[in-house]
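> Sharing a structure with you now.
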Amino acid sequence: MEVIEAIRGRRSIRRFKPREIEPEKVEVLKDALIWAPSAGNLQSRRFYFVFNPGVKRGLARAALAQRFIEEAPLVVVGCGDLRIGRYYGERGINLYCIQDLSCSIQNLMLTAFDLGLGSVWVGAFYEDEVKGVLSLPDNLRPLAIVPIGYPAHNPAPPGRVSVDEAVVEIR
Ligand SMILES: Cc1cc2nc3c(=O)[nH]c(=O)nc-3n(C[C@H](O)[C@H](O)[C@H](O)COP(=O)(O)O)c2cc1C
């Protein structure tokens, strides 16, 4: 699949078939995460791959009861690693960590789509609750919850601003 095809075709998926993801595909998803760019190649990010139903339920609760989280066969939680990020001081902690993690999550979602899987970035959650559910150490800040599975719906693309509205060309 062309990259632009994946970029345009990917949709946020919030309903999943009750079908497991093949282990080989899970490994491809992990690979997509680690090969994303990062500030100074410090890779100030860590990922949790959650398959356990009770833990997924806890994550759904921490995310304002967005039930589709527990219905996905796999839930990836992406964290910024503040201990690595602090190498670049405040900018590393408050910006690069988030950007490093975001690059990985975009890779993850595009790769999932290429593998026939659906996903959605969930950002609405109580960080402290997620930290509790996963027993995260203090240096890890949970930034994204991404349920992944075989899609059970095919949403129409929501609109985008026009290219002219989003982009300023300076020649
Ligand atoms: C930072 C971020 C946070 C988001 N948080 C949520 C969320 O908590 N729940 C949800 O259902 N979708 C969430 N989304 C998904 C967006 O609603 C979705 O990407 C947007 O509506 C565009 O639709 P598309 O992904 O199908 O192109 C989030 C997306 C991003 C990038």
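> Count neighbours as other Cβ atoms within 10 Å of each site's Cβ, and list the trypsin sites (Lys or Arg not before Pro) in region 4-38 that are DSSP loop with at most 12 such neighbours.
Details: sites: Arg8, Arg10, Arg11, Arg14, Arg15, Arg19, Lys25, Lys30; in loops: Arg10, Arg11, Arg14, Arg15, Arg19.
Taking region 4-38 and a limit of 12 other Cβ atoms within 10 Å, the loop trypsin sites (Lys or Arg not before Pro) found are Arg19.
> Please list 3J(HN,Hα) in residue order for region 75-86, calculated via the Karplus relation 6.51 cos²θ - 1.76 cosθ + 1.60 where θ = phi - 60°; whole Hz, with x for glycine and proline.
10, 9, 10, x, 10, x, 9, 5, 5, 6, x, 5
> For the chain, the longest stretch holding no chymotrypsin sites (Phe, Trp or Tyr not before Pro) located in a DSSP loop with at most 14 other Cβ atoms within 10 Å is which?
In the chain, the maximal stretch lacking such sites is 52-125.
> Same structure, new question: Helix-derived [θ] at 222 nm for the chain: sum -39500 (n - 2.57) over DSSP H runs of at least 4, divide by residue count, nearest 500?
After summing the helix terms and dividing by residue count, I get -10500 deg cm²/dmol.
> Can you list, bin by bin at 10 Å, the percent of alpha carbon pairs in region 3-153, starting at 0?
It works out to 12, 42, 35, 10, 0, in whole percents.
> Taking amide H positions as placed 1.01 Å from N in the peptide plane, with prolines and chain starts having none, which residues 5 or more places from Leu74, or on another chain, fall under 5 Å of its amide H?
Sorted by chain and number, the residues that satisfy this are Ile148.
> Next question, about the same structure. Return the carbon/sulfur percentage of the accessible area of region 3-153, one whole number, probe 1.4 Å, all protein chains in place.
Carbon and sulfur atoms account for 53 percent of the accessible area of region 3-153.
> Further question on the same structure: On average, how much accessible surface per residue is there in the chain, in Å², for a 1.4 Å probe, leaving out ligands, DNA and RNA?
So the chain comes to 58 Å² accessible per residue, rounded to a whole number.
> Using 0.36 nm per residue of separation minus the Cα-Cα distance, give me the extension gain between Val28 and Trp121 in nm, one decimal.
Working: separation 93, 0.36 × 93 = 33.48 nm, distance 1.84 nm.
Roughly 31.6 nm would be gained on extension.
> Under the rule of at least 5 residues apart or a separate chain, name every residue whose amide H is placed under 5 Å from the amide H of Gly118.
Gly149, Tyr150
The values are calculated or read from the model by the stated rules, or taken from the named source; none is laboratory data. Note that the structure is predicted; figures quoted are calculated from it, not measured. Heads up, the Cβs are rebuilt from the backbone with ideal geometry, glycines too, and the neighbour counts pull from every protein chain shown. Calculation scope for accessible area: heavy atoms of the full protein, side chains included, ligands and nucleic acids excluded. Shrake-Rupley method; radii C 1.70, N 1.55, O 1.52, S 1.80 Å.
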